[in-house]
1. One residue is enough: does the stretch 183-190 have a residue meeting the conditions farther than 21 Å from Gly271 by Cβ, in contact with a strand residue (DSSP E or B) (Cβ under 6 Å, 6 or more places away or on another chain) and touching a residue at least 40 places away in the same chain (Cβ under 8 Å)?
2. Given (1) at pLDDT 90 or above; (2) surrounded by fewer than 23 Cβ atoms within 10 Å (Cβ to Cβ); (3) in a helix (DSSP H, G or I), identify the lone condition not met by His206.
3. Which is part of a helix (DSSP H, G or I), buried (at least 21 other Cβ atoms within 10 Å of the Cβ) and not aromatic (Phe, Trp, Tyr), of Ala188, Ala176?
4. Among the residues of the stretch 376-392, which ones are in contact (Cβ under 8 Å) with a residue 24 or more places away in the chain and not charged (D, E, K, R)?
5. Of these, Thr323, Thr253, Thr297, Thr304, which one is hydroxyl-bearing (Ser, Thr, Tyr) and within 22 Å of Tyr228 (Cα to Cα)?
6. Restricting attention to the stretch 134-159, which residues are under 23 Å from Phe399 (Cβ atoms) and at pLDDT below 95?
7. Which of the residues spanning the stretch 176-216 are within 19 Å of the chain's Cα centre (by Cα) and among the β-branched types (Val, Ile, Thr)?
8. Residue check: is Val134 buried (at least 21 other Cβ atoms within 10 Å of the Cβ) and either under 17 Å from the mean Cα position of the chain (by Cα) or free of Cβ contacts under 8 Å to residues at least 40 places away in the same chain (or both)?
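The values are calculated or read from the model by the stated rules, or taken from the named source; none is laboratory data. Keep in mind that what you see is a predicted model, and the values were worked out from it rather than measured. Positions of Cβ are backbone-derived with ideal geometry, glycine not excepted, and every protein chain shown enters the neighbour counts.
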Amino acid sequence: MPAWAGWPSIFRTCRARIALTATADVQTRADILRVLRLTGAREHVTGFDRPNIRYTVLEKHKPFEQLLAFLETRPEQAGIVYALSRKRVDEVAQRLAERGLRAAAYHAGLPGEQRRRVQEDFLRDRLDLVVATVAFGMGIDKPNVRFVVHYDLPRNIEGYYQETGRAGRDGLPAEALLLHGQQDIVTARRLVDNTEDPDQRRIELHKLNAMVDFAESGVCRRRILLHYFDQSLEQDCGNCDVCLDPPERFDATVPAQMALSCVYRVGQRFGIKHVVDVLRGLDNERIRRLGHDRLSTYGIGSETSEQDWVSIVRQLIHLGYLTQDVANYSVLKLTERARPLLRGERNLELARPRVRERSRKRPRAAAAEGPYDEALFEELRALRKRLAEAQGVPPYIIFGDASLIQMARAKPRDAEALLAISGVGQTKFERYGSDFLQTISAWCEAQTS
């Protein structure tokens, strides 16, 4: 039961009422309006796209070694590593620290003073890595977090989206890495099965399945995220692992027509598993009792494996040809977009499912506007840290990474050039301009001598 479900008695005593949420899918937004009795309320939904974040999913295999390989190419960058259990958090943080990395653990089981210190050290760049449960992040406004790693599979896309959204708030390139394994799914489903309320258990299972779909899909990951929140992307993003390392594609027009037709023939009243069972011609009691063994679509896909059919149906959902009614046992329903495909008025290509996700190192993200002097950037970061510590403020209050990168690219040598840098206003110039100009000038002179 979500926390807000117990608020109506308090909420109704207020004359002016507004309900705000950071991340909610269509069904959750409808539930909030219903439970809080906001009849006729106006809904305002902002965009969910974070184009500067690169989404990558790797099949989990020796996860700590995978994490180390990822971190080796990102030295001294700020990042958050999320794990599901406190025990896992402590273990990973300790192993990272033993290897000389500036890492610390954060979870609700630690003393309040220790949690406060970890948070403060992270904000002030005294720590590069925080290994945490979902208890970490709310209220954290650190613009230069360059990556978020999920060591374990999150239980729903809402949580995944919120947690990855803590990276790249300065608008510069950032990365979201998810390590995904079958044991994660088994563990998560066991936790969901322990939910006592059957309706809540059903909804949580749907959300978990959507998270698994995201991790296992061969479709542009940004498309999947946006579709989940009822938004669309007209073309693939070009900034996720699927786009950068595309799977093999095939003409799926006929199989897609079969699947859509089967959804229609069973009355748009059943979920993925039943539709796939009918397509494959399974002979079981439920299919016979419902008379679905007499449908024209019964057995027309018997030569295709269950895995391939599930992949096809999931992609049809992600691409907007089908929708799942979460409030009604996740039954499949056709959308208007399915009509021209069923009529043969358009063709469709889909991705073949990959048995194993290929893992390979990605190059360190470059600044959005081109190359810059990385060594000078590190000098400017060190100066920023010294100034921040002297003033008792987080480093990003001095200047954000985006401003430092522009300085390292443009190498301004006078007031006019420095004031042209984004993020350098008159007030900050008066406070810090002299220090940064001296550092840049000294660097440039050292390079020419």
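1. Here is the first cut: in the stretch 183-190, the residues farther than 21 Å from Gly271 by Cβ are 183-184, 187.
Okay, now just the ones that are also in contact with a strand residue (DSSP E or B) (Cβ under 6 Å, 6 or more places away or on another chain), so none.
Looking through the stretch 183-190, none of the residues is farther than 21 Å from Gly271 by Cβ, in contact with a strand residue (DSSP E or B) (Cβ under 6 Å, 6 or more places away or on another chain) and touching a residue at least 40 places away in the same chain (Cβ under 8 Å).
2. (1)
3. On the way: Ala176 fails: part of a helix (DSSP H, G or I).
That would be Ala188, the only listed residue that is part of a helix (DSSP H, G or I), buried (at least 21 other Cβ atoms within 10 Å of the Cβ) and not aromatic (Phe, Trp, Tyr).
4. Within the stretch 376-392, Leu376, Phe377, Leu380, Leu383, Leu387, Ala388 qualify.
5. Values: Thr253 fails: within 22 Å of Tyr228 (Cα to Cα); Thr297 fails: within 22 Å of Tyr228 (Cα to Cα); Thr304 fails: within 22 Å of Tyr228 (Cα to Cα).
Within the list Thr323, Thr253, Thr297, Thr304, the selection yields Thr323.
6. So the first thing to find is which residues in the stretch 134-159 are under 23 Å from Phe399 (Cβ atoms), and the list is 139-148.
Across the stretch 134-159, the qualifying residues are Gly139, Ile140, Asp141, Lys142, Pro143, Asn144.
7. Of everything in the stretch 176-216, those that are within 19 Å of the chain's Cα centre (by Cα) and among the β-branched types (Val, Ile, Thr) turn out to be Ile185, Val212.
8. On the way: buried (at least 21 other Cβ atoms within 10 Å of the Cβ): no; either under 17 Å from the mean Cα position of the chain (by Cα) or free of Cβ contacts under 8 Å to residues at least 40 places away in the same chain (or both): yes.
So Val134 fails the test.
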